[in-house]
Amino acid sequence: MFSFFMAALWVVLLVAPLALLVALLPVGRDCPRCGTETLPIRKPLLRPVRRMVAHRWCTACGWEGATRHTHLVPSMPALEAVPEDRDGDDDAAWRSSGY
């Protein structure tokens, strides 16, 4: 029982810093230094963890480093109701005058 506890403790001591390291990586495609979009770089060393960590390079400032890989969901554009101006004094030929 004691050896099982020690083995579990060693696993936790090895995995916890790696999980903390991944949690502290910058998120997304933007450069943490200048904010412009970065380009992905394929590294054979990161192939096993490619779904979690991506290696990126910024063309604007030259930053190169690891980021957490995220799936960006496109946001819906905000729709806003704009009232029509129906004064009737505009001279548009395509509008009928029977408002």
Practice prompt. Please give the solvent-accessible surface of E84 in Å², to the nearest 10, using a probe radius of 1.4 Å with every protein chain present.
Written response: 130
Worksheet entry | Share of Cα-Cα pairs in the range 20-70 lying beyond 17 Å, as whole percent | 28
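Could you sort the peptides 36-44, 49-57, 17-25 by per-residue average Cβ neighbour count (10 Å cutoff), highest mean leading? Before the final figure, lay out the partial values.
Working: 36-44: 12.6, 49-57: 15.0, 17-25: 10.6.
Top to bottom by mean Cβ count within 10 Å: 49-57, 36-44, 17-25.
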Worksheet item: What list of ³J(HN,Hα) couplings, whole Hz, do you get for the range 4-21 from phi and the Karplus terms 6.51, -1.76, 1.60, once you set θ to phi - 60° and write x for glycine and proline?
Response: 5, 4, 5, 5, 5, 5, 5, 5, 5, 5, 8, 7, 4, x, 5, 5, 5, 4
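The values are calculated or read from the model by the stated rules, or taken from the named source; none is laboratory data. Since the model is a prediction, treat every value here as computed from it, not as a measurement. So basically every Cβ, Gly included, is an ideal-geometry build from the backbone, and we count neighbours across all protein chains shown. Note: accessible area is taken over every heavy atom of the protein model, side chains too, but ligands, DNA and RNA are not part of it. Shrake-Rupley method; radii C 1.70, N 1.55, O 1.52, S 1.80 Å.
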